[in-house]
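Inspection log for the structure reproduced underneath, given as C-alpha cells.
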Amino acid sequence: MTDQIGIVAEIRPGQRAALEALLREGPPFDLAAEGFEHHGVYLGDRDVVFLFDGPSARTQLQRLAATRSLLGAFVKMSSLVSAPRILEQTFSWDRRAEPASSGPSR
C-alpha cells in the first residue's frame, strides 16, 4: 500500500524567489533509493507543501530527515522556510471504476 504524507511550512518573508530557485534543482535525494514513488511541491505566496508518496512514507521521511548527508540541504531550506508541520493523509477519494460493458444497452 502506498502512503502519502505532507509537510507544510511558511515561506520566510522575501524568500519565495530563492525557494523557487532551490526547488527547480530538484530533490536533494534519489526518490527510488529513499523508497518514494512520487514527490511533489505546491508553492503558494506564503506557504509551501511537500508531498511524499510511497510505501511507509512517514517512516521513510523520518529516516531521511535523520540522514547526515542531507544536513546541508536542511540548513539551506531552514533559511527559506519556517514552522514546518507534518500533515497526515486523513481522507482520500478515488474515481469509481466504470462497470464493464457487455455491449450497447437497450
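Let me check I've understood the local charge: for Arg46, count other residues with C-beta under 12 angstrom from its C-beta, Lys and Arg +1, Asp and Glu -1. What total comes out? Taking every Cβ under 12 Å from that of Arg46, the sum is -1. Computed 3J(HN,Hα) for the range 38-52, one whole-Hz value per residue from the Karplus formula 6.51 cos²θ - 1.76 cosθ + 1.60 where θ = phi - 60°, is 8, 9, x, 10, 10, 10, x, 6, 10, 10, 9, 10, 10, 10, 10, glycine and proline marked x. The helix-only estimate of mean residue ellipticity at 222 nm for the chain, built from DSSP H runs of length n ≥ 4 each weighted as -39500 (n - 2.57), is -7000 deg cm²/dmol after division by the residue total. Take the Cα of Ala66, step 7 Å toward its Cβ, do the same at Val41, and the gap between the two points is 2.5 nm.
I'd like the trypsin sites (Lys or Arg not before Pro) in the range 5-73 restricted to DSSP loop residues with at most 15 other Cβ atoms within 10 Å, sorted by number.
Those satisfying the criteria are Arg46.
Report the net charge of residues surrounding Leu22, where surrounding means a beta-carbon distance below 15 angstrom and charges are Lys +1, Arg +1, Asp -1, Glu -1.
Details: positive: Arg12, Arg16, Arg24, Lys76; negative: Glu20, Glu25.
Residues near Leu22 contribute +2 overall.
In a fully extended conformation the segment linking Asp94 and Ala18 would gain 23.8 nm over its present Cα-Cα distance, using 0.36 nm per residue.
Bear in mind that the values in this text are calculations on the coordinates, not laboratory data. Computed from a predicted structure; not experimentally measured. Heads up, the Cβs are rebuilt from the backbone with ideal geometry, glycines too, and the neighbour counts pull from every protein chain shown.
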